[in-house]
Structure formats: C-alpha cells, structure tokens
Amino acid sequence: MAVRGPLAAYASDAARSRGRLYAEAPSPTRSEFQRDRDRIIHCTAFRRLAHKTQVFVPLDGDHFRTRLTHTIEVGQIARALARALRCDEDLAEAVALAHDLGHTPFGHAGEGALEACMAPFGGFDHNAQALRVVTLLERRYARYDGLDLTWETLEGIVKHNGPLLKRDADPDLLLPHPEERAKPASRRTRESSHSGAPQDEEAIAGAAKDRPLSRYIAAFDAIFPLDLATFASVEAQAAAQADDIAYIGHDIDDGLRAELFSLDDIARTPFIAGVLAHVRDEHPGLERPRVIHELVRRVITAFVEDAIGESLRRLARVSPASADEARRAGEAVVRLSPPMAEAERDIKAFLFANMYRHEKVLGVWERARDAISRLFPAFFENPELMPAEWAAQALEDADRAVVVADYIAGMTDRYALNEVKRVFGGEAAGRS
C-alpha cells in the first residue's frame, strides 16, 4: 500500500505559490491547488467535456470514452504518479482536469478543421484555447473573468508538453526545446490536420518546428509571465505523462470493444503480445470482455510503474533542490524508460493504422470537418446568426474570427450538429 510521505524538495509548495493574477485571501479549508481543482470541476467548460468526442461520437454508443471520462482517467493517473514522486497531487490533478478544456467538438478532427478556418487569423491551438477558457471565457466570478487559477496551474496548462520558447529566442516564434521537438508524434498531433484527417509524424514534425507562439499566450505572458522557456513543474509533467498512458489504455479498450481490430491483431505489437500471453496463461478460457479488461489494466499498470521508476531515476540524477530547479533542468524529468517508450511508439503506430485510420473513424472526421468548415464562415460573415452575447463581441475582422472560434470551440458535438441544422436548414433542432 502506497503511503503518503513528506513532499520532495522539487515538489511545488501550495503555501508558497507564485499567486494569482487577482490576489485573493487564502482559504481556511483548502490549499491553493485544491481551490484550483475545485474551480475547474465546477466550471461550464468542464461539464461540456461530457458531450465532446474522444475518438468516437458519443451518440454511437454509451460506453465509449468521451472527453470527460478521458479527463477523469488522466486525473487519476496523474495523482498516482505525483504521489509516487512525492509531489503535490492536487496540482497534478488540477492540470490534468484542465488540460483538455480548450478542445473543440469532434475531438482533434474538429481542432484540425478549426485550425484551417483560423489560419488567416493567427491559427488555433487547444492549449492556448484552454488558457483562454480559464482566464477569460469563463464568466462566473464578480471580480474578474476566468477562474483566477494559480500561476502553477496556468503554467501547467500551457507548458505541460514542454517549453514553448528556447531561452533567448525570438518571442514571435514557438521553438520547442530540442528534446521536445524530437519526441515521437502522439496520437493527438497525428490527428490534427487542416483536412481533419490523420497526418504522419514527418508532416507534423515539419509543421511544428517553426509554429508561431499563440498570440493569446504571448499577450497573457506579458501580463502574468509564465516562464515559457522552462519546463513546467514536475506535477504538470506527471499530468502530461498520465495523458499519454490514459489514452493508450482506453483507445485499446474502445478499439477492441468497437471491433475495429481483434486481440490477435494488436498482439502483433511485442509488448501487447507479452501481456496478452500472461493473461491467457493465467486464465485459460476467459471470456473476451474479461480478457480485454485484464489486458488494459495490466498495460496501464505497466506504463505507470515504468514512468515512476524512470522518473525517480531522472530526478535522482538531476537532483533538483527546488521546484524551480526541476523546471530549469533542461530536460523532462517525468518520462518512460527507453524500452517502454519504444513499446509506446509501437502501440501508437498500431492504433494509428488500425483505429484512427479506420473507415468508421474517418467518417467521424469527415463529418466534423464538414460541420465546422460550414459553421465558421457562416458566423464570420453573419455574426447575427450567433446568440446575441456572442454577436455583440464580433467587431473587426481579426477579433470577429477569434470570437467565432471561441463560440465554436465551446460547442459540444450535439450542439454543433444542431447549429448546422439551424443555420443551414433541415430538421428543427433545439439548443443543447
């Protein structure tokens, strides 16, 4: 049984947080990071995740993951990693729960379509959109827009995948740390293309190399600097690693349940073959649903335990004496070991070929591309088609595009499809 011990020297200390943009009195019952977590859970954007696609459109089945169930799984794994690394679990969970708040309807296919629409206006990125959500678009509190989260949580939202700038780099360019740029393309980046279809790793690597820094991140950083040239906290790195582990596990589960591929198919990857062999040896004749669950839980456990071991080795080698020293380590300290990183690449390659490029999934991407590609120009040319509070914000062209993107990005899948019906005709549809 894991026992909670004292925090490590490199852990973030809620009592010594760098604070909030709008100063607030401390809570008598919760730490600063617990308050962040609670504000995220209670915000409107978090509730919308229940009706946003992970890979499958939720209307296609009640048991496939949605963006919300994915987020909850990431939060659970992030806490497990943070506890083992003796970091602040609440901060890791807060970053995990907020990391997808900027996602569009229809998952990364929707993001690819919105990126294409926003290309003439500075582009679109879901991490930057998550920052907009928690600092501007959530309008709940009397004194300010946004959720007024701590510096550490905002930093984690923006930088959990690595630094956004090289030290002394031109602030107009997003130039990731070389180690981050060399990382294999994940499913997330592979899915995001202007056509809404999956892309291969070389195309993504070339496109990301000189991607401009989000204007909103740059503007917010000028007001509340987030140290864009350093890595994020160990807790935020744990949330990022938890994201990868969670989606590998649940995409295997969803893909098998949807019968996009078979157990024998995925056993072509050496790591999965070994795990599956152990399950079948220990439980001969076990029915398929139980085999799937046993496989997935063992895969997740193996990745979590490996990430803990490798990260502890890295932390021991770097030996950071504070959270800021961990940020300035020059490398990510929460990672998988080389053999498990290779297993991860094999699994991602299999899922890319057999799940994300499956005709059933590509049909969803096409539906998403069509919906968003039609809605954006309609709202841009005729802002009055949007609800009054959004139409009133649509001013000059550049600003109008951002308002339209904010409106579309906040939609659920069902709401977006209903908006298509409302704007372009067809069966009457109410607002969700």
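The values are calculated or read from the model by the stated rules, or taken from the named source; none is laboratory data. Because the structure is predicted, anything quoted here is derived from the model rather than measured. Note: ideal-geometry Cβ built from the backbone for every residue, glycine included; neighbour counts use all protein chains shown. Areas reflect the complete protein model, heavy atoms only, side chains present, ligands, DNA and RNA absent. Shrake-Rupley method; radii C 1.70, N 1.55, O 1.52, S 1.80 Å.
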TODO: For segment 317-329, just list the computed ³J(HN,Hα) in residue order, Karplus coefficients 6.51, -1.76 and 1.60, θ = phi - 60°, integers in Hz, with x standing in for Gly and Pro.
DONE: 5, 6, 6, x, 8, 7, 4, 5, 5, 5, 5, 9, 5
TODO: Leaving ligands, DNA and RNA out of it, work out the accessible area of residue 303 with a 1.4 Å probe and give it in Å² to the nearest 10.
DONE: 0 Å²
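Rounded, prolate or oblate: pick one for segment 30-150, where a ≥ b ≥ c are the square roots of the eigenvalues of its C-alpha gyration tensor, a/c under 1.5 means rounded, and failing that, prolate if a/b is larger than b/c, else oblate. Working shown, then result.
Details: a/c = 1.81, a/b = 1.23, b/c = 1.48.
It is oblate, given that a/c is not under 1.5 and a/b is not larger than b/c.
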TODO: Quick one: grab the alpha carbon gyration tensor of segment 210-351, order the square roots of its eigenvalues as a ≥ b ≥ c, and give me rounded if a/c is under 1.5, else prolate or oblate depending on whether a/b is larger than b/c.
DONE: prolate
Task: Peptide ranges 22-28, 385-391 listed from the most packed, as the mean C-beta count within 10 angstrom indicates - done: 385-391, 22-28
Task: Fraction of the pair-distance distribution of segment 276-424 above 25 Å, Cα-Cα pairs, percent - done: 61 percent
Open item on the list: 5 Å is the cut-off here: which amide hydrogens, built 1.01 Å from N in the peptide plane, fall below it relative to residue 213, excluding neighbours closer than 5 in sequence?
Closed with: 173, 174
TODO: Specify the inter-centroid distance of segment 305-349 and segment 84-107, based on alpha-carbon positions, in whole Å.
DONE: 18 Å
TODO: Holding the Cα-Cα limit at 29 Å, pick out from 166/360; 52/159; 52/166; 52/421 the pairs that are longer than that.
DONE: 166/360; 52/166
